[in-house]
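This report refers to the structure that appears directly beneath it.
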Amino acid sequence: AQKITQTQPGMFVQEKEAVTLDCTYDTSDPSYGLFWYKQPSSGEMIFLIYQGSYDQQNATEGRYSLNFQKARKSANLVISASQLGDSAMYFCAMRPGYSNASKIIFGSGTRLSIQP
Amino acid sequence: GAGVSQSPSNKVTEKGKDVELRCDPISGHTALYWYRQSLGQGLEFLIYFQGNSAPDKSGLPSDRFSAERTGGSVSTLTIQRTQQEDSAVYLCASSQHYRFSGANVLTFGAGSRLTVL
């Protein structure tokens, strides 16, 4: 079965510290894509980073990096030097397979609170 | 359009009434999704349209829910005989489809907040 699991409902981190948000996934398809989205209190969904299953390098986008461990089926998001504006819900998502039938599913999310 | 547009942004209705939620995706995006998000919760998949393929309706919670996409563009999610548990934010998202890649980045609308009294 296709599934995304985020085991941390909430996290509190001091400003300027690095933070890792956990995500594990389950799929039998060798081709898949992994995503992270941010949802601030305003409610908008903001795309952060993407990792393809065949990508050799871990994806990075500014302060965001994705720690992709294929054998362990994990795709943790790392935020370096956290800022107050990073406080939000963070969702991990997966698209299992590349066919027309492959839909994107989301995890339950992690609420990150950055403290000054 | 420049982004994904959803209407109405807020809808308050009485239990038992029907509601229609509209989504206007980004022009050229062949994939369109509906998700439901209850307060403080994750995104629950409802339905997925991709081009001319038959939609994936596997996430619709009951036969009171239906959706259509006309002309490969605008989509309408209809909830019949609304119940209080239908209260949630309904999010629409669209993306391009890449045949040999999973990089289908979703662009989300602002959502339609439904309150059933």
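Taking chymotrypsin sites (Phe, Trp or Tyr not before Pro) that fall in a DSSP loop and have at most 16 other Cβ atoms within 10 Å as cut points, what is the longest piece of chain B between them? Intermediate values should be presented prior to the final figure.
Numbers: sites that count: B:Tyr98, B:Phe100.
Counting at most 16 other Cβ atoms within 10 Å as exposed, the longest clean stretch of chain B is B:1-97.
For chain B, divide the Cα radius of gyration by the Kirkwood radius and give the resulting Rg/Rh value with two decimals. Each step should come with its number before you reach the end.
Numbers: Rg = 13.8 Å, Rh = 14.3 Å.
That ratio equals 0.96.
Given 0.36 nm per residue, what is the gain on full extension from A:Thr7 to A:Glu44 after removing their alpha carbon distance, in nm?
Numbers: separation 37, 0.36 × 37 = 13.32 nm, distance 2.25 nm.
Gain on stretching A:Thr7 to A:Glu44: 11.1 nm.
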Select from segment B:1-109 those GluC sites (Glu not before Pro) which occupy a DSSP coil region and have at most 12 other Cβ atoms within 10 Å, ordered by residue number.
B:Glu14
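Rg to Rh for chain A: what is it, with Cα atoms only and Rh by Kirkwood?
Over the Cα atoms of chain A, Rg/Rh equals 0.97.
Please give me, ordered by residue number, the trypsin sites (Lys or Arg not before Pro) of segment B:62-117 that lie in loop per DSSP and have at most 13 other Cβ atoms within 10 Å.
Numbers: sites: B:Arg64, B:Arg69, B:Arg81, B:Arg99, B:Arg113; in loops: B:Arg64, B:Arg81, B:Arg99.
Filter output for segment B:62-117: B:Arg81, B:Arg99.
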Where the centroid of each part is defined by its Cα atoms, how far is segment B:1-44 from segment B:50-113 in Å?
7
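At most 15 other Cβ atoms within 10 Å and a DSSP loop assignment: could you name the chymotrypsin sites (Phe, Trp or Tyr not before Pro) in segment A:8-96 that fit? Each step should come with its number before you reach the end.
Working: sites: A:Phe12, A:Tyr25, A:Tyr32, A:Phe35, A:Trp36, A:Tyr37, A:Phe47, A:Tyr50, A:Tyr54, A:Tyr64, A:Phe68, A:Tyr90, A:Phe91; in loops: A:Tyr54.
Answer by residue number: A:Tyr54.
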Within segment B:5-27, name every residue whose backbone N is under 13 Å away from a label modeled 7 Å from Cα of B:Thr70 along the Cβ vector.
B:21-24
Interchain or sequence-distant (5+) residues whose placed amide H lies within less than 5 Å of the amide H of A:Ile49 are A:Trp36
HN-Hα J in Hz across segment A:32-40 - Karplus 6.51, -1.76, 1.60, θ = phi - 60°, x for Gly and Pro:
7, x, 10, 9, 10, 10, 10, 10, x
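Please get the size of the charge dipole for the protein assembly as shown, origin at its Cα centre, with Cβ charges of +1 on Lys and Arg and -1 on Asp and Glu, quoted in debye to the nearest 20.
Dipole of the protein assembly as shown, to the nearest 20 debye: 160 debye.
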Any idea of the accessible area per residue across chain B, 1.4 Å probe, to the nearest Å²?
48
Considering the Cα trace of the protein assembly as shown, what is its radius of gyration and what is Dmax, both in angstroms?
17.7, 53
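The values are calculated or read from the model by the stated rules, or taken from the named source; none is laboratory data. For clarity, every value in this text was computed on a predicted model and none was experimentally measured. In this analysis, Cβ positions are derived from the backbone assuming ideal geometry, glycine residues included, and neighbour counts consider all displayed protein chains. We work out accessible area using only protein heavy atoms, side chains counted, and drop any ligands, DNA or RNA first. Shrake-Rupley method; radii C 1.70, N 1.55, O 1.52, S 1.80 Å.
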